[in-house]
1. Taking all pairs of different Cα atoms in region 235-385, averaging 1/r and flipping that mean, what Kirkwood radius in angstroms comes out?
2. Per Stokes-Einstein, at 25 °C and 0.890 mPa s, what whole-number D in µm² s⁻¹ belongs to region 357-473, with the Kirkwood radius over Cα pairs as the hydrodynamic radius?
3. What three numbers, in Å, describe the spread of the alpha carbons of region 190-263 along their principal axes, ordered from the longest?
4. Under the rule of -39500 (n - 2.57) per DSSP H run of 4 or more residues, summed and divided by the residues of the chain, what mean residue ellipticity at 222 nm is obtained, to the nearest 500 deg cm²/dmol?
5. Compute the relative contact order of region 176-472 as a whole-number percentage, counting only Cα pairs closer than 8 Å that sit 6 or more residues apart in sequence.
6. For the peptides 110-117, 356-363, what is the packing order when you average, over each peptide's residues, the other Cβ atoms within 10 Å and list the highest mean first?
7. Give the percent of DSSP beta bridges with both residues in the chain that are antiparallel, rounded to the nearest 5.
8. Going by Cα centres, region 1-25 and region 28-46 are how many Å apart?
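Each reported figure results from applying straightforward, stated rules to the coordinates on display, with no laboratory input. Here the structure is a predicted model, which means the values were calculated and not measured. Positions of Cβ are generated from backbone atoms using ideal geometry, with glycine treated the same way; all protein chains shown enter the neighbour counts.
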């Protein structure tokens, strides 16, 4: 049974895409580790990178080429100062050399050494092959970025995405029905079952510390997005909207850091018609930061990173002004577990399942977490997740220009609003009257993904991506 931690589902990294940026970045790091294990890092004379399928078709817009270069340079996406990214990339392009593994300068010309192959490898839509050339040998290694920053090799496991490290949980879970049975038999909330599983991997202090770090990263991301104006990079000339929305909502109230800002919003008398604007502002802020190679939390992906923070902020500034760190941790524990169920039973990769695998899953995660915080039973938590996903089934991934901007940024606002609505509906639902269990929706989502035309799976070869003329943007 596949045991996925909350911290596998909620990763800190750099935008704009978990599958096209964070995944290739991590793959490059793993490739460097392989070179070290083979004792050929020092003797490597040249590196070549082949991108396949969706990584090739939308790689430029998703900064896949930049991620590969940063990974090969030895930078870590979780900790790299984002302001140094341009410096590193510019140096590589201008000098046509790379500081491999942050140890040795090697020749590297991105225009010639990163090859975009439109053909798809059979194992997964997001494939990339690294080649190291030494005086005596050529070493190749192929990786697959399967969504949410997860990276695997085909020979690790030939089953569909059963790819996380095997661990022993006291409450092993593959399906929602199993999670619910544990909750009922142990008389525990969903978050309490997840907490017990996490304790089998880490000390309690570490769990709390890491959950707090995830939340602080989310809060800082929202804060940056709300206080940054201008136009997003990439050529579509998309103007940032969170700045103006936030300015109109917050007025002239004083604050000087993200935590004071949060408290200021809590003290603001939010009128009913402003609630949707605040939620939309939070979601837009995150994904505008994501679209500009800022630091975000994959939740479960970068493209859907705004949904969970926006819904959690909704709870804190609208529903419960007395919310504490314990509530935040509870929310993240539930969200992470629901996301893992979708990953195991379906996919969180837009290249495999369209946007239902990103915004749909994030909305389900947020709905379930909000439902528990608002007093929902474990049964109602499952209902909330089911409702949220049910109304995202079939959502395509058709980014214009291969950029995580249109329609991706706005879709985060829609996913957040649907999550809140789903939680409210679930709280008013008698579990005895439920007709569609969560596991059935997970199965349906995966079947829908398999039936979906490939051009609607993060290729920019269908939908809005071809309906809109880039020259008019």
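1. Working: mean 1/r = 0.0615 Å⁻¹.
So the Kirkwood estimate lands at 16.3 Å.
2. Numbers: Rh = 15.0 Å.
In µm²/s, the coefficient is 163.
3. Projected onto the principal axes, the Cα atoms of region 190-263 cover 47, 34, 20 Å.
4. Numbers: 20 runs with 229 residues, N = 473.
When only DSSP H runs of four or more count, the value is -15000 deg cm²/dmol.
5. Numbers: 498 pairs, mean separation 58.5, N = 297.
Taking the mean separation of contacting Cα pairs over the length of region 176-472, I get 20 percent.
6. Values: 110-117: 15.0, 356-363: 33.1.
My ranking of the peptides, most packed first, is 356-363, 110-117.
7. On the way: 26 of 31 bridges.
Bridges in the chain that DSSP calls antiparallel: roughly 85 percent.
8. Taking the Cα centre of region 28-46 as reference, the centre of region 1-25 is 23 Å away.
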